[in-house]
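Can you read through this structure? Questions will come right after.
The values are calculated or read from the model by the stated rules, or taken from the named source; none is laboratory data. In this text the structure is predicted, and so the values were computed from the model without any measurement. Every residue, glycine as well, gets a Cβ built from its backbone with ideal geometry; the counts of neighbours run over all protein chains shown. These area figures cover heavy atoms from the full protein model, side chains too; ligands, DNA and RNA do not enter into them. Shrake-Rupley method; radii C 1.70, N 1.55, O 1.52, S 1.80 Å.
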Amino acid sequence: MHHLTDEDLVLIYYGESPRAHVEECAECRARFQQLQRLLNSMDAAPVPDRDASYGARIWANVRVVEAKRAGRIGWAWAGAIAAAALFAAMLQPKPSTEPVAMEDVRSRVLEAALDSHFESTRIALTEIVNDDAASIDTVDDLLADNRLFRQSAHAAGEVESEQLLEDLEEVLVEVAHAPTGSPELRQRIEKKGVLFALRVRAAKEGSL
Amino acid sequence: MAVTSLNRGMEETDLAAIGRVITGDRDAFALLVERHSRSVFRLAFRITGSEADADEVVQETFLRAFRQIHRYESRASFATWISTIAANLALDTLRKRKRWVATDEHIDKTDAAPGPARLAESRRIGDVIETAMNQLSLQERTAFALRHYEGLSIEAIARELGLSENATKQSVFRAVAKLRRVLGPWVGVFLLCII
Ligand SMILES: [Zn+2]
């Protein structure tokens, strides 16, 4: 009777070859069990993991790269989204020890990214109010990023920003679904007062 | 039974999401990233051995998958498809870095591998396994990771890496032989730790 080669045993281990001989032959069974121990031990290698928000960060980056490629958004805007993704990343607890000043860094990053987001939103909404319809893609991007920022602001306990982002989200949803240039839409944006709130905020930040 | 129906449910949802992306709802891709990015990261780490490289590979993998989503064919699950993109990118990363000393032409030079005495100093199982994995050539490492950790068949690995089935088989065999040489004395210790 032919015994199995090492190669045969590997194929059997991975289920790519029938194991009948291993069942019948004690000698080959012993060799197979040794291989099993070796290959099973490969599963003991610790592999670092990523947290639950990993996918969201990866997706945010993919969107930025794609949007830049499509020429829909400028670098500044892409930077703001990337900053938001970075901010979300920093919110996650890390297994390693964090630098003490991380809280400061976090709020600065969020601040800068938020300012940029509010400014882009203000420009887009102003265009719409002035009947200078912004593209639906821009609005979709703004809406998606607005959601990201709202979650970040909520997690960071930034109540004021969160409230403004909530209001903006309602308006952006309406804009995304309304026919462009509809007069009721303009009225609704104005009635919500979000543009006013954005201008006030920009003035406070000294950027207007 | 429960596992099978669960898997089927997952695949249907992946397919549905892919369908939505293809028909223009690009945000549906977020679901796929959410669902698969962490396992892609683990695979990329197993091949590159570096967290930073693995993160880069994950990013590039999903970017590529997003751009080429219309090329996805449901003959393989989305998980398999994305794994093979990641494995190829991880392989490219290593080639670019030229970090690997071992090559297919240097198979027999693994005698220079650290002996058990040296390995004993490192203590950690992870270090020992990593040392063993470092003895593999790029191709061996990738083929082994796809076969062992991702559960891909030799045939699927050959197709995805653009190798012949025989070359793929030989890569896996050589990988196992090298692992045996380095890890052989350690297997008993590992088992104590696993249990
Ligand atoms: Zn036998």
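If I ask for residues that are open to solvent by 30 Å² or more (accessible area, probe 1.4 Å) and within 25 Å of A:A45 (Cα to Cα), which ones from the range B:70-91 would you list?
Hits for the range B:70-91 are B:A79, B:T80, B:W81, B:N88.
Identify all residues within the range B:131-157 that are away from chain A (no Cβ under 12 Å) and among the aliphatic types (A, V, I, L, M); write none if there are none.
B:L138
Follow-up. Scanning the range A:37-52 for residues that are open to solvent by 60 Å² or more (accessible area, probe 1.4 Å) and not charged (D, E, K, R), which turns out nearest to the ligand (Cβ to nearest atom)?
Here the residue is A:N40.
What tally of residues in the range A:16-36 results from selecting those that are under 24 Å from B:A156 (Cα atoms) and loosely packed, with under 14 Cβ neighbours inside 10 Å?
Total meeting the criteria: 1.
Same structure, new question: Would it be correct to say that A:L114 is away from the ligand (no atom under 16 Å from the Cβ), at pLDDT 60 or above, aliphatic (A, V, I, L, M) and in the same structural domain as A:R201 (by TED's automatic domain parsing)?
yes
Within the range A:1-15, restricting attention to residues that are open to solvent by 70 Å² or more (accessible area, probe 1.4 Å) and in a loop (DSSP other than H, G, I, E, B), which residue is nearest to the ligand (Cβ to nearest atom)?
A:H3
Could you list, in sequence order, all residues of the range B:36-69 that are touching a residue at least 60 places away in the same chain (Cβ under 8 Å), buried (at least 24 other Cβ atoms within 10 Å of the Cβ) and either on the phi > 0 side of the Ramachandran plot or at the interface with chain A (Cβ under 8 Å from one of its Cβ atoms) (or both)?
Hit for the range B:36-69 is B:R46, nothing else.
Under the condition of being in a loop (DSSP other than H, G, I, E, B) and within 14 Å of chain B (Cβ to nearest Cβ), which residue from the range A:16-36 is farthest from the ligand (Cβ to nearest atom)?
A:E16
Looking at the range A:141-155, which of its residues are open to solvent by 30 Å² or more (accessible area, probe 1.4 Å), of a type outside the set (K, R) and touching a helix residue (DSSP H, G or I) at 6+ places or on another chain (Cβ under 6 Å)?
A:L148, A:H154, A:A155, listed by residue number.
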